1. Hey, residue 62 hits all of (1) touching a strand residue (DSSP E or B) at 6+ places or on another chain (Cβ under 7 Å); (2) touching a residue at least 40 places away in the same chain (Cβ under 8 Å) but one; which does it fall short on?
2. Just to be sure, is residue 30 over 22 Å from residue 97 (Cβ atoms), touching a helix residue (DSSP H, G or I) at 6+ places or on another chain (Cβ under 9 Å) and loosely packed, with under 15 Cβ neighbours inside 10 Å?
3. Checking residue 181 against (1) part of a helix (DSSP H, G or I); (2) touching a helix residue (DSSP H, G or I) at 6+ places or on another chain (Cβ under 9 Å): exactly one of these is not met. Which one?
4. Hey, can you tell me all the residues within segment 80-94 that are surrounded by fewer than 20 Cβ atoms within 10 Å (Cβ to Cβ) and either in a helix (DSSP H, G or I) or under 14 Å from the mean Cα position of the chain (by Cα) (or both)?
5. For segment 59-79, which residues satisfy the criterion of being under 22 Å from the mean Cα position of the chain (by Cα) and exposed (fewer than 14 other Cβ atoms within 10 Å of the Cβ)?
6. Return the pair list, or none, for Cβ contacts closer than 9 Å from residues in segment 111-137 that are free of Cβ contacts under 8 Å to residues at least 12 places away in the same chain to residues that are part of a helix (DSSP H, G or I), at least 6 apart or on different chains.
7. Condition first: buried (at least 18 other Cβ atoms within 10 Å of the Cβ), out of contact with any strand residue (DSSP E or B) (no Cβ under 6 Å at 6 or more places or on another chain) and outside any helix (DSSP H, G or I). Can you find one or more residues in segment 149-164 that meet it?
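The values are calculated or read from the model by the stated rules, or taken from the named source; none is laboratory data. Predicted model only: the values in this text are computed from it and were never measured. Every residue, glycine among them, receives a Cβ derived from its backbone with ideal geometry; neighbour counts consider all protein chains shown.
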């Protein structure tokens, strides 16, 4: 028999929303149906988290930014629950970001193990939200630097600069200035392509980065 437990920690919700109603109903062969009820005036977005082992401290975000607009309850089916002997649930307020780092408090506490009251948990100069988006560890001050790519031949400033060639949604930027706008101090910009990097308004500003030309690269201000 599957064990289901529902936990609603008030520290992950706004104080005036402590009267949320959160229930989980096991549906044989289909999983677990979660129902979250809330009072009028509650218009934030909800996140749902699951764990199969409370002792591990590990939680997974299974549904995020669930809108609560125009209704007093939301329903969500956890179809994967049929695979587990036990399942634990938490609900968090996706609109509550105390340190304004771009990551809701509940996700910081449960998923990333970062400090929801400090925007840069590892004090490396890169906000927690930016590190998560970059794929680095926001709790490790030595993991934050990356290499970005600019290619004057095949690049496009609409790309993110995260790959040498365009692939799987990532690709090189065309200009140094656009690449520089995306990096943080300590990052490297790899310059490639045989065409001219014409940067008449190039200003590297206050961020300390490394420019690394590859092959026949020409930069002219």
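1. The failed condition is (2).
2. Yes, satisfied.
3. Failed condition: (2).
4. 80, 82, 83
5. 60, 65, 67
6. Final answer for the pair search is 136/130.
7. No, there is no match, as no residue in segment 149-164 is buried (at least 18 other Cβ atoms within 10 Å of the Cβ), out of contact with any strand residue (DSSP E or B) (no Cβ under 6 Å at 6 or more places or on another chain) and outside any helix (DSSP H, G or I).
Every residue, every condition in (1) modelled with pLDDT of 90 or more; (2) in contact with a helix residue (DSSP H, G or I) (Cβ under 8 Å, 6 or more places away or on another chain), yes or no:
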position: 167; (1), (2): yes, no
position: 173; (1), (2): yes, yes
position: 201; (1), (2): no, yes
position: 206; (1), (2): no, no
position: 210; (1), (2): no, no
position: 220; (1), (2): no, no
